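Readers should treat all values here as calculations from the given coordinates under stated rules, not as data from a laboratory. Quick caveat: nothing in here was measured; it's all calculated off a predicted structure. In this analysis, Cβ positions are derived from the backbone assuming ideal geometry, glycine residues included, and neighbour counts consider all displayed protein chains.
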Amino acid sequence: MDESQPILQMTGIVKTFYVRNRLQRVPVRALDDVDVVLRRGKVLGIIGESGSGKSTLANIIMGLETPDAGTMLFDGAAVDLHAKRSSQRALRAIQVVFQDPYSSLNPRMRVKALLREPLRHERFDRSQDFVQRCVSLLEMVGLPASALEKYPHQFSGGQRQRIAIARALAMNPKVLVCDEAVSALDVSIQAQILALLIDLKERLGLSIVFIAHGLNAVERISDDVVVMNLGKVVEHGPAGVVLQNPATDYTKKLVEISRDIVPFTLVPGEGGVPPRTEVLAAISEAVRVVPASRRTWRRKKW
């Protein structure tokens, strides 16, 4: 396979959901003619406000959602986006790490069982011991072999996310989709997970789709960046160019707010902390959130 060929290419992706408004169903365009290219062995960062279509795009990549229109090429071959995921052998090479590891891991299963489950669906070499394979997966993510006999609740949030990554690696994927994989973690733990993902990318030759709200994490790990707003791609290109010299007003606002908020939380004594109302007003203006003081509430009549 040509190394210069993208590992994943999506063209003209359209997805519409329908929400009920009183007596009628109102269409909501979640994705509108979206084009995405993931280069082989690289990290593609996808950023945008909540509701911009990031997770919907991730679900379509993983075969969990069916688009209304569009095509997808994976490793040079066309993928039928309307077929069930179970019938798509190619999609098994795409695995996911979700935002909340505790919700994505069965609390009643030991780590050994969690790691063995995907191996049952893969053409696992029976000459290799299951336990030894599970131990090697834990070693990849920096956990000891003693973790095999424990349950998810016995680990910290960062350790649980490492287990989720190990489970995704059990299928020997070519593409790893990280849907807000570090958003629920502390800043110090985020740095450790990002370093782990970068190391795995180099060692295993993974291509990664990294979805996040925090621009600092995206800037650190991504080679390319896609900026989404209201279901459309408003800007894309190399991470250094898009985040350091954005071309659109929307991307500029995202970058400005990200740069402004970090000093408030990490360096509170430097120059004083602006009043909380000013911070919330700045965020609301950037992402078009209606402040709580302006919302009107109606008491429901029974």
(message) On the Cα set of region 8-238, report Rg and Dmax in Å, please.
(response) 18.0, 60
(request) Find the lysine pairs in region 8-238 meeting two conditions, Cα atoms under 19 Å apart and a separation of 8 or more places or different chains, and report how many there are. (result) 9
(message) Can you compute the modelled spin-label distance between T248 and D80, with each label point 7 Å from Cα toward Cβ, in nm?
(response) 3.4 nm
